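The values are calculated or read from the model by the stated rules, or taken from the named source; none is laboratory data. Since the model is a prediction, treat every value here as computed from it, not as a measurement. Here the Cβ is made from the backbone with ideal geometry for all residues, glycine too, and neighbour counts use every protein chain on show.
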Amino acid sequence: MHNAPEVITLDDLGIVRVRGVDAVRFLQGQLSNDVARLGAENSILAGYHNPQGRTIALLRLVQWDADGAASGPAAPGDILAVVPRELAGVVASRLGKFVLRAKVKVADESAGWRVSGLVDVAAEAVARGGANTGGTADAGGGANTGGTAGAGGLANTVGTADTSGGASARGPALSELPSVVGAQTRSGGAVFVRVGDDPPRWLVISPADAPAPLTGHAVGDRQTWLRLDIAAGLPQVYAATSEEFVAQMLNLDVLNAIAFDKGCYTGQEVIARAHYRGRVKRRMQRFVSRDTCHLAPADSGQLADGRSFKVVLATQLADGRCDFLAVAPLVSAGHDGAAATGSAAPVVADPAPTAAPTMAPAAGAPVAATVAADQVPLPYSLPD
């Protein structure tokens, strides 16, 4: 086994750039999180919602400073929002309609940036030693802002090839990268953002026309990054699921992507009402199929106890089974508890569309065959 980290190309992710002296104030009125918390050493996750509180897109906000000299909370007014590339143009266009007199420019700059993922595969291999149903250990920490140091003491540098035996390639040592989920640092013209703890992993963002910040590295597979997002209970919104889910259905409140003590923003009334006045009855949960199956975002089905579900993220494991996150009603006293507690009892899904229009598959979305599945606990607790 080698100890070199793996670098995964995330070219399906794009960048919406928001620049100007009013950038923070402008985004504060549009996104669910407190943008004032953004700083040179801290990124944030936020939702962009329509007036009905449904999530248009999820944004990982990163403060950018071309000179690398900025400090303090959101000082330079140059913010990069990481979103799926297929939604970058939509997000930029919709945000742009609300600029009005604000001194800010919003643009889809996906073509001008390089987005990659960095995974400490040595730590992952250790973590996977105890995995069973999902074939992977929980990549927790998504809900933590005070994560533990997962890379401390590793002496290998990012980009060290595992077979060459030669000199280390350009890149910081893992021990020099952020050890707390959500923290970011600047190194070699790139921003490194800690996004997971188990295994340690970072989002790496750099200009496309600049030298690659990570070279000579072991190359990882995109499905590995997706699998780790699923194990961590980290949602994503794509074109097929945009405006399908209210913020709490995606567990954004648990993942610290909503600030309930900030000022008004689009969709706040619905999101706040769900938080203060009523229990959210449908939330994102994790399942692993027992047999070979294929699922994709926006696929719909029904659980054995009658609960409908809609897929948020899905990946196929090496043995053909499907590991997926889906929004479904929380189990209640009237349901079979084994179906929703992570026990080995199978959960059967029927892909037939339900009567509710919000649960119907998106146009052209593949229809899944009936599957047996186990519910797997998320690495964080959902509100009662």
Completion exercise
GLY267 passes all but one of the listed conditions (1) on the phi < 0 side of the Ramachandran plot; (2) assigned by TED's automatic domain parsing to the domain that holds SER242; the exception is number (1)
Practice task
For region 294-306, indicate whether the set of residues that are in the same structural domain as VAL24 (by TED's automatic domain parsing) and either within 22 Å of GLY196 (Cα to Cα) or surrounded by 19 or more Cβ atoms within 10 Å (Cβ to Cβ) (or both) is non-empty.
Solution key: no
Completion exercise
Checked pairs for region 75-97, first farther than 20 Å from GLN236 by Cα and assigned by TED's automatic domain parsing to the domain that holds VAL204, second hydroxyl-bearing (Ser, Thr, Tyr) and not in a strand (DSSP E or B), C-beta under 8 Å and 6 or more apart or across chains, list as none
Completion exercise
Note: among VAL7, VAL21, just one is touching a Gly at 6+ places or on another chain (Cβ under 8 Å), part of a loop (DSSP other than H, G, I, E, B) and either of a type in the set (A, V, I, L, M) or assigned by TED's automatic domain parsing to the domain that holds LYS103 (or both), namely VAL21
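Taking the conditions exactly as written (outside any loop (DSSP other than H, G, I, E, B), over 15 Å from the mean Cα position of the chain (by Cα) and modelled with pLDDT under 95), does ARG186 satisfy them or not?
Numbers: outside any loop (DSSP other than H, G, I, E, B): yes; over 15 Å from the mean Cα position of the chain (by Cα): yes; modelled with pLDDT under 95: yes.
For ARG186, the condition - outside any loop (DSSP other than H, G, I, E, B), over 15 Å from the mean Cα position of the chain (by Cα) and modelled with pLDDT under 95 - is met.
Among the residues that make up region 267-277, is at least one of them touching a helix residue (DSSP H, G or I) at 6+ places or on another chain (Cβ under 6 Å) and crowded, with 17+ Cβ neighbours inside 10 Å?
Our first condition is that a residue be touching a helix residue (DSSP H, G or I) at 6+ places or on another chain (Cβ under 6 Å); within region 267-277, this holds for 271, 274.
Keeping just the survivors that are crowded, with 17+ Cβ neighbours inside 10 Å gives 271, 274.
Yes; the residues of region 267-277 include at least one that is touching a helix residue (DSSP H, G or I) at 6+ places or on another chain (Cβ under 6 Å) and crowded, with 17+ Cβ neighbours inside 10 Å.
Take the residues in region 82-103 that are out of contact with any Lys or Arg (no Cβ under 9 Å at 6 or more places or on another chain) and among the β-branched types (Val, Ile, Thr); name whichever of them is surrounded by the most Cβ atoms within 10 Å (Cβ to Cβ). Please lay out each step first, then the result.
The first filter runs over region 82-103 and keeps only residues out of contact with any Lys or Arg (no Cβ under 9 Å at 6 or more places or on another chain), leaving 84-91, 93-95, 97-98, 100-101, 103.
The next check asks that each one be among the β-branched types (Val, Ile, Thr); those that pass are 90-91.
Values: VAL90: 18, VAL91: 22.
Residue satisfying both the conditions and the ranking: VAL91.
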Exercise for the section: For region 24-50, name all the residues that are assigned to a strand (DSSP E or B) and closer than 28 Å to THR224 by Cβ. Expected result: ASN42, ILE44, LEU45, ALA46, GLY47, TYR48
